Amino acid sequence: MFERGVAPPVVTEELRVSRKSAYAWHARWREGGVEALRSKGPSGPPSRMKPEWRVWLEKALEEGPAAHGWVEDQRWTLPRIALLIARRFHVRFSTAQVCRILHQMGWSVQVPVHRAAEHDPQAVERWMRQVWPNVERQCGTRGRGCSSKTSRDRA
């Protein structure tokens, strides 16, 4: 954009960034061209989670929790994964760090479906057809409501 002569205030609006950022980018561009605007990668120290550890972790996660001693339920949790990493590599990561590492590896949070053991789909269907319409109708018959018990009606 700067090469085309676009001014920093226009860059601010088009890219939805602060004026300070746009002017800083413009100054960097004037001094070093497009190369000066290239990302220098993530800031901060490099991750302690080495690439070869990630390969091992991927295999370990695919084996499942039971293969690593958790037989009571078959779910990976962040604390379990953090403990697995600590046992293998003697490095402790917080659950937030483990979450970030898993996300970088392409893993996502999976929430299991919880259903009552007594779940009866026919009873649910019957309730939705017979009871819910009456409940819904009753809710709609009241007057104008208010979200706060202490505020006055100013109609």
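A quick yes/no check of all residues on (1) surrounded by fewer than 12 Cβ atoms within 10 Å (Cβ to Cβ); (2) on the phi < 0 side of the Ramachandran plot; (3) at pLDDT 95 or above:
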| position | (1), (2), (3) |
| --- | --- |
| 41 | yes, no, no |
| 44 | yes, no, no |
| 57 | no, yes, yes |
| 69 | yes, no, no |
| 74 | yes, yes, no |
| 93 | no, yes, yes |
| 100 | no, yes, no |
| 106 | yes, no, no |
| 110 | yes, yes, no |
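If you go through segment 65-99 one residue at a time, how many are in a helix (DSSP H, G or I), of a type in the set (Val, Ile, Thr) and either farther than 19 Å from residue 55 by Cβ or more than 24 Å from the chain's Cα centre (by Cα) (or both)? The total comes to 1.
The values are calculated or read from the model by the stated rules, or taken from the named source; none is laboratory data. Computed from a predicted structure; not experimentally measured. When we count neighbours, we look across all protein chains shown, and the Cβ atoms used for this are built from the backbone with ideal geometry, even at glycine.
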